[in-house]
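J.: Please read through the structure below; I'll follow up with questions.
The values are calculated or read from the model by the stated rules, or taken from the named source; none is laboratory data. Since this is a predicted model, take the numbers as computed values, not measurements. FYI the Cβ positions are ideal-geometry reconstructions off the backbone, even for glycines, and counts take in every protein chain you see. Side chains included, ligands, DNA and RNA excluded: accessible areas come from the protein's heavy atoms. Shrake-Rupley method; radii C 1.70, N 1.55, O 1.52, S 1.80 Å.
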Amino acid sequence: MNVPDIVKEAASATPDPDRALRNLERLLRESPEFIEAHGRRLGTIASLFAHSQFLSDYCISNPSRLSQALSSLHLPAQKEDILGKAARVHESFRDVDNPSLYKQQAMKLLRDIKKSCLLVITMRDLSGITDLQECMAELSALSEAIIEYALEMSETLMRRKFGLLRDNAFSVIGMGKLGGGELNYSSDIDII
């Protein structure tokens with residue numbers, strides 16, 4: 001069987017075969033070696049591509065992120081791990097003095113964290129590795145980590161502009177589904 005037939009077969013087994021096929025063909029055009037390297041996971045990739053155009057576009061533009069996600073499907077998203085990865089990237093621009101450049105790099109980091117972690121969480125969910133409760137807990141952990149890191153970077157910008165905060169006291173409280181650790185893919189976060 002040749003690659004186009006394998007791609008069509010994988011797409012046909014998804015809830016939206018047309019979307020899955022279009023996205024798989026885009027991936028094949030952009031990174032022909034990818035499908036050959038990850039052929040055994042083609043069903044998982046096709047399922048993702050059928051369910052989320054946002055993540056499909058991300059994967060096609062960043063096939064290395066898709067490779068990383070496929071290799072880490074066995075690892076649940078945990079807040080401490082997400083914060084650790086963010087801290088390592090943050091080190092590369094922590095000392096940038098230009099507030100505009102610092103903010104630009106900080107926002108890019110937050111977007112990258114969201115997309116890469118959401119990709120793994122979604123693939124774990126679609127693959128049946130997690131159940132509903134675990135998936136909601138992982139989505140909640142991702143949101144908590146992003147909020148925590150956004151707060152840390154905001155404090156850095158405020159401290160540089162205004163000096164130390166009085167008593168260095170600032171809190172963010174998660175309400176609703178975030179507070180209960182029950183976020184789903186379309187949940188808004190309610191914070192105080």
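J.: Leaving out ligands and nucleic acids, and using a 1.4 Å probe, what accessible area per residue does the range 117-192 come to in Å²? Walk me through the numbers on the way to the answer.
T.: Numbers: 4470 Å² over 76 residues.
Per residue, the range 117-192 has an accessible area of 59 Å².
J.: Follow-up question, since we're still on this one. First select every other residue whose beta carbon is under 15 angstrom from the beta carbon of residue 175; then total the charges, Lys and Arg +1, Asp and Glu -1. Could you put the intermediate results ahead of the total?
T.: Details: positive: 177; negative: 144, 182, 188, 190.
Net of charged neighbours comes to -3.
J.: Shifting gears a bit: Does the range 20-68 come out rounded, prolate or oblate by the C-alpha gyration tensor, with a ≥ b ≥ c the root eigenvalues, rounded set by a/c under 1.5 and, if not, prolate when a/b is larger than b/c and oblate if not? Mind dumping the intermediate values first?
T.: Values: a/c = 1.33, a/b = 1.20, b/c = 1.12.
Cα axes put the range 20-68 in the rounded bin.
J.: To the nearest 20 debye, what is the magnitude of the charge dipole of the chain about its Cα centre, counting +1 on the Cβ of each Lys and Arg and -1 on the Cβ of each Asp and Glu? If you can, show how the numbers build up before the last one.
T.: On the way: 23 positive and 27 negative charges, 111 e Å.
Approximately 540 debye in magnitude.
J.: Starting from the Cα-Cα distance between residue 169 and residue 108, subtract it from 0.36 nm times their residue separation and give me the gain in nm to one decimal.
T.: Working: separation 61, 0.36 × 61 = 21.96 nm, distance 2.62 nm.
Working it through step by step, the gained length comes to 19.3 nm.
J.: What is the extension gain from residue 192 to residue 85, computed as 0.36 nm multiplied by their sequence separation minus the C-alpha to C-alpha distance, in nm to one decimal? Show your work: numbers first, answer last.
T.: Details: separation 107, 0.36 × 107 = 38.52 nm, distance 2.59 nm.
Stretched fully, the residue 192-residue 85 segment lengthens by 35.9 nm.
J.: Moving to a separate point now. Taking square-rooted eigenvalues a ≥ b ≥ c of the alpha carbon gyration tensor, is the range 87-191 rounded, prolate or oblate, where a/c under 1.5 means rounded and, failing that, a/b exceeding b/c means prolate?
T.: On the way: a/c = 3.34, a/b = 1.70, b/c = 1.96.
Cα axes put the range 87-191 in the oblate bin.
J.: Which residue, 140, 127, 171, has the most motion in a Gaussian network model of the chain that connects Cα atoms within less than 10 Å?
T.: Maximum among the listed residues: 171.
J.: Once Lys and Arg get +1 and Asp and Glu get -1 on their Cβ, which of 15, 105, 77 lies farthest toward the positive end of the dipole of the chain?
T.: 105
J.: Among the complete DSSP H segments of the chain, which ones combine at least 24 Å of alpha-carbon extent along their axis with a mean Kyte-Doolittle hydropathy of -1.0 or more? Mind showing how you got there, number by number?
T.: Working: long enough: 99-126 (40 Å, 0.01); 132-162 (44 Å, 0.14).
What comes out of the filter, once short or polar helices are dropped, is 99-126, 132-162.
J.: Scan the range 16-72 for trypsin sites (Lys or Arg not before Pro) in coil per DSSP, keeping those whose Cβ has at most 10 other Cβ atoms within 10 Å, and list them by number.
T.: On the way: sites: 19, 22, 26, 29, 40, 41, 65; in loops: none.
Listed in order of number, the matching sites amount to none.
J.: Related question: Please give, to one decimal in nm, the separation of the simple spin-label points placed at residue 158 and residue 132, each 7 Å out from Cα toward the Cβ.
T.: Using points 7 Å along Cα→Cβ, the separation is 3.8 nm.
J.: Is the range 10-108 best put as rounded, prolate or oblate by its Cα gyration tensor, with a ≥ b ≥ c the root eigenvalues, rounded for a/c under 1.5, and otherwise prolate when a/b is larger than b/c, oblate when not? Write out the running numbers ahead of the final one.
T.: On the way: a/c = 2.61, a/b = 2.05, b/c = 1.27.
Prolate is the answer for the range 10-108, as a/c is 1.5 or above and a/b outweighs b/c.
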